[in-house]
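A quick write-up on the structure given underneath.
The values are calculated or read from the model by the stated rules, or taken from the named source; none is laboratory data. These numbers come from a predicted model, not from an experiment. Glycine gets a Cβ as well: all are built from the backbone with ideal geometry, and neighbour counts include every protein chain shown.
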Amino acid sequence: EVSYLVKTIKQAVDQEHVDLSAKVSSLNANLSCVMVFGKKGFKSIGQEVVHLAATPNLGDFFPYLGVLDLQGITDRLKALSRVFDEFLEKIIGHAQSKEQRETKDFVDTMMDIMQSGEAGFKFDRSHVKAVLLNILPCFSLVSASICFSLSQGFYLPQTPLLSTIAPEGSVVVQLTFVVTNFGLQDMLMASMDTSATSVEWILTELLRHPHVMKKLQKELEEVVGIDRMVEESDLKNLSYLDMVIKEALRLHSAAPLLIHDYIEDCVVDGFFVQKGSRVIVNVYAAQRDPNAWPEPDKFLPERFVGSSVDLRGHDFQLLPFGSGRRSCLGMQLGIIIVRLVVAQLVHCFNWELPNGIPPSDLDMTEQFGVVTYREKHLMAIPTYRLQL
């Protein structure tokens, strides 16, 4: 997939610019879907889901209007559920028809469980669809709404919108437990939006600081050479790449706020926190704290020279993936993807901003949300630099 990305960008070299945001987003969506489904093709469907999730629904504010569906959201959800059903049917059908393989994707494993009867509770084709849909990178409300049309096999939080789709109490406890307690939803969420956004911000900082880009390219030339692309085995030798990624994720953590539920009473910095309280950790502020980081708003990868601070949550001043038992399930995979994609794009191409925009004038506006995106897509002009 990464090689294909390089190929498509190479073919676009003669164009005025490349939409790096769109390219990286498609790459991560395809990588995630291939790992879970064994095939690509989800992104176009997922875009409609995200759009519906972000659309304010009058029925949530005025319950008596929910039944009327004045905005047509419920009808669109039901129509989208049919599209998802066809998509998932093709995936399941393909998994059933293909020959036994040594390497299995997530769907293969689900089908083996269904056919063996080892689940310990009713687990049929409709439940496979329900689990698959719940791990798609959708907001939980829309995911649950659509999923009800495919299977009544998991818990639906009752809201005015959902009350028009599903009666209260449509539950299969075992499937709810599997989905919620084993973090299946993280399998794609953690690797799609967050990885793509991280790569996007890293490339943004490199374009804004050309001298850092040149220094990174020099390291890549020394370790890899200019007659081949970067391989995963090269990553362990790219120390400056690690510094660049740490510094970019310090300034632009994909998830700026982390939610923590307390399982027992405790005292934090003199404040009593009751069991069951929900505390939001401001990672954005911690990673720009002047007490922990000199010149915190500057992009300075060299600050990590000789530093033991890493990305895995051992140091509380840098928590892009959270910390402890509830840290990101996809952390290791995400780190590898981010390192490989950034290394490949920087190694294979020289980059400059379109229309003669000075690096210092690059728009850095953030779009705040669960994931902190760039407000505008990142556009850049590539020039192929390898001798292949």
Does the stretch 251-268 contain any residue that is at pLDDT 95 or above and aromatic (Phe, Trp, Tyr)?
-> no
Output the number of the condition that VAL341 fails; it satisfies all remaining conditions of (1) surrounded by 14 or more Cβ atoms within 10 Å (Cβ to Cβ); (2) modelled with pLDDT under 90; (3) in a helix (DSSP H, G or I).
-> (2)
If you take the residues in the stretch 272-305 that are more than 26 Å from MET213 (Cα to Cα) and within 26 Å of the chain's Cα centre (by Cα), which one is surrounded by the most Cβ atoms within 10 Å (Cβ to Cβ)?
-> VAL283
When every residue in the stretch 197-226 that is farther than 14 Å from LEU241 by Cβ and touching a Pro at 6+ places or on another chain (Cβ under 8 Å) is compared, the one surrounded by the fewest Cβ atoms within 10 Å (Cβ to Cβ) is PRO210
Looking only at the stretch 353-374, and only at residues there that are of a type outside the set (Val, Ile, Thr) and without any contact (Cβ under 8 Å) to a residue 40 or more places away in the chain, the one that is farthest from GLN387 (Cα to Cα) = GLY369
Is the stretch 286-305 home to any residue that is of a type in the set (Asp, Glu) and touching a Lys or Arg at 6+ places or on another chain (Cβ under 7 Å)?
-> yes
Can you confirm whether the stretch 306-322 contains a residue that is of a type outside the set (Lys, Arg), over 23 Å from the mean Cα position of the chain (by Cα), surrounded by 11 or more Cβ atoms within 10 Å (Cβ to Cβ) and in the same structural domain as VAL371 (by TED's automatic domain parsing)?
-> yes
Scan the stretch 8-33 and report the pairs whose first residue is small (Gly, Ala, Ser) and whose second residue is modelled with pLDDT of 75 or more, with Cβ atoms within less than 6 Å and a gap of 6+ or a chain change.
-> ALA12/VAL18; SER21/GLU200; SER21/HIS377; SER21/LEU378; SER25/ALA196
Scan the stretch 307-318 and report the pairs whose first residue is under 13 Å from LEU249 (Cα atoms) and whose second residue is surrounded by 13 or more Cβ atoms within 10 Å (Cβ to Cβ) and aromatic (Phe, Trp, Tyr), with Cβ atoms within less than 8 Å and a gap of 6+ or a chain change.
-> LEU311/PHE321; ARG312/PHE321; GLY313/PHE321; GLN317/TRP293
When you scan the stretch 218-284 for strands (runs of 3 or more DSSP E) that lie fully inside it, which ones turn up with 3 or more residues that are in contact (Cβ under 8 Å) with a residue 24 or more places away in the chain and of a type outside the set (Phe, Trp, Tyr)?
-> 257-261
Hey, MET110 in a helix (DSSP H, G or I), at pLDDT 65 or above and either out of contact with any strand residue (DSSP E or B) (no Cβ under 9 Å at 6 or more places or on another chain) or over 30 Å from THR383 (Cβ atoms) (or both) or not | yes
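Table: residues versus (1) surrounded by 13 or more Cβ atoms within 10 Å (Cβ to Cβ); (2) among the acidic types (Asp, Glu); (3) not in a loop (DSSP other than H, G, I, E, B).
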| position | (1), (2), (3) |
| --- | --- |
| HIS347 | yes, no, yes |
| ASN355 | no, no, yes |
| LYS376 | no, no, no |
| THR383 | no, no, yes |
| LEU386 | yes, no, no |
Would it be correct to say that VAL371 is touching a Leu at 6+ places or on another chain (Cβ under 9 Å) and of a type in the set (A, V, I, L, M)?
-> no
